Every structure is written in C-alpha cells, then in structure tokens.
1. Using only the Cα atoms, work out Rg/Rh for region 228-291, with Rh taken as the Kirkwood radius, to two decimals.
2. Over 27 Å between C-alpha atoms is what I'm after, so list which of K154/K271; K46/K326; K12/K173 land there.
3. What does a probe at S234 reach in region 116-130, counting residues whose amide N is under 11 Å from the point 7 Å along Cα→Cβ?
4. How far apart, in nm, are two points set 7 Å out from the Cα along the Cα-to-Cβ line at T291 and at T110?
5. What percent do you get for the relative contact order of the chain when only Cα pairs under 8 Å and 6+ apart count?
6. Give the angle, between 0 and 90 degrees and rounded to the nearest 10, that separates the Cα long axis of helix 235-249 from the longest principal axis of the Cα atoms of the chain.
7. Among (1) 0.98; (2) 1.05; (3) 1.38, find the value of Rg/Rh (Cα atoms, Kirkwood Rh) that was calculated from the structure presented, and write down its label.
8. Using a Förster distance of 41 angstrom, determine the FRET efficiency expected from the C-beta separation of R282 and E358, and round it to 0.05.
Amino acid sequence: MEETTSKKGSRKKKVIIRALIFAVVAALLFIYLNQVFNIADSDSNKEIFNAFYEEEENTIDVVYFGTSASNRYYIGPYAYNETGTATFTLATMGMPLFFVPYLIEEVEKTQDPQMYIIELRWVLKTKDLITDAHIRRVTDSMEYSENRTDAINKALEFVEGAEGELSDIDDSKWDYYIPIIKYHSRLETGDLSVKDVTLINTKNETKGFVTSYKTRESVSQKEPVYSDGRADLSPEAEETLVEVLDYCDDLDQDILFVLSPYSMKDGEAEKFNTAIDMVEERGYQVLNFNTPEMAQALDLDWETDFYNSKHVNFLGAEKYTEYLSKYLEENYDLPDHRDDPKYESWEEAYQYYLDYVEDGIREE
C-alpha cells in the first residue's frame, strides 16, 4: 500500500513538473511571438526606441520629447560635437503630448538626465486627429511593463468618442496590449523580415535624429504667417498641456519647452501663443522659433532649409541644433563629455551623421 502511494505521488510530481515546463515554454513562446509580430523592426520610430534602450545607463544628459518636429530638427551627435552634451531625441511621428509623462517614467528606469526638452507643436491637435499609428509608434516600441500598459490606457481614454475622418482606433484594448492580435497578418503578407524573426533589433544610429533621403531634399517653402494674437486650444489639448505641466511641477530636472520653426498657416500662431502663455504662467521657459526675430537668428532660408512645409532638411536641422545647443550650453550647467571614452558612441554617431551628409553630396 505504501509503495502504491509512493508511485502515485511520484506520478503526480511528474505531472506537475511537466505542467510547469509546458507553462514556461508557452509563456516564452507567447512573449517571443508578440515580439516578432509587432510594429516592423525597420520602422524609424521603433529604431529610435531600440537605440534608446541600448544606451549605457546614466549617460544621457538631456532628453528631447516630441513629434517628427523633434527627430527631424535636433541632431544629437552634432550638438555633442559642438558642446559635449549628450542629448537623445526620444520622439515619434505625430507623438501625442500626453505620452510625455509616461516616456519620462520610461527614461528614468535607466537614465538620470539633468534636463528635459518638450516640443509644443502638438497642441494644435484634437482627439479627432489622433490615429492608431500615432499611438502604436510609441506603445508598440516600448518594452513590456506596467508603464506601457498605463500609456496605452491613457491614449485610449484620450481618444474615446473621437469621430474624425482620420480616427481609426481599434475597439479593443487587447489589440494594443498584445501586438500579435494586430500584426498576425504580417506573416500572410510577407511583411516579416529576418531581423524581426531573429529579434535582431535595428537601431537608430544618430541618437534619435532621423536620417533619410527626405532630410537631404530642399523644397522651397512659403514664409510663415506670424501673429501676436491669441486663439483657444481644443479642450482636450488644453487639458493635456495642463496635465503635462502638473507632472513637470514634481520633477527635479530643468524643463524647457520649444516650438520649432516651420511654414505656419493662418490661425496656427494664435493657438501657439495661447499655449506659450499657459506654459510661461506656470513658470517654465519657452523658446519660440516661430517669430521673425528667431528665424533671423537661425539664419533660416525658406528656399533651401526645408524638405516640406513642416520639417527642415539637414541644412535647417544643423542651424536649429547649433543655435539650441549653444543656448543650452550658455544657460544651463550641462557637462562636456568630449574625449571621455565612455561617450565613444556619441563620437561614432557624429561620424555616422557626417557620412550620411557626405553620401548625399556624392549622390548629387
């Protein structure tokens, strides 16, 4: 009888062990498949996050948040060569401003920056203009964590009730929590690359600045429509800006808000002026490059320095970066890491940028 009981106990143990092994393998497979069936590894937005996550701990001095008006305007390696400050641009195309607090939480898991720069151009938006892609470029690129889940929840809460023509938000939160639900068809369409399957991350090589054929083009633009007037922001944009300012109030870092220059249309400057008033009333500084004086200070050329109405090319980006990096150097106590072996990757990133520029000259 004792022997039978012993055998039963042994069999039960084996069943439990097998069940545990199966559960572990299933969990690992689930994690792997959700990494494979995700936003494409070659997506320029994901490449920026891939690069950020590979940065050595506590080596970033400044993090620059925003839309493509950030990652097409500020050249971190160029700024490093000028001043020695390590500035990473953690920005995605059309990135909603409400993501900033969650990205700061993400940054501070591995970095202890002295300063945050926040681009304000997004304040022209309404929830009807937020698309699925605007959300996914951020949340699909983030590593799995409670913070990522919170960011998804915030985004879906923000767009609730949106009815715009561009609005294409998935009905289920699970489509955002579990990427494979959204991207499983990539296998059928042949959209998966070897790097996706092998989880070899492609990373942005220039500390968040996006290098592409577009940023080497020159397309003549109209000068902006400047104004000293004021106009109301959308209720949701105003609420988001207040939430971001409230969050910043609890931070120890220096905070600088910026508005990068572009060919503004009639009625846009007035809304920016309202946003600037809100920020300055809370005690934060705003560098507004959308004024005639600042355009002159940058020596912007509307004939040569842009590739479309909303983005500078590398010529304009160099002018913007040189001005802003010098401003930071003169007004904030930021370190100079040049010749520090720990920052060799920044030297390499600057060389990568120079090669990118030289390649464009050769093509011409």
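1. 0.97
2. Correct reply: K46/K326; K12/K173.
3. Residues 123-130 qualify, since their backbone N sits under 11 Å from the label point.
4. 3.8 nm
5. After rounding, I find 25 percent.
6. Helix 235-249 sits roughly 80 degrees off the main axis of the chain.
7. Correct label is (2).
8. 0.40
Every number here is computed from the coordinates shown, using simple stated rules; none is lab data. The shown structure was predicted, so the numbers you read here are calculated from the model rather than taken from an experiment. Backbone-built Cβ (ideal geometry, glycine too); neighbour counts: all protein chains shown.
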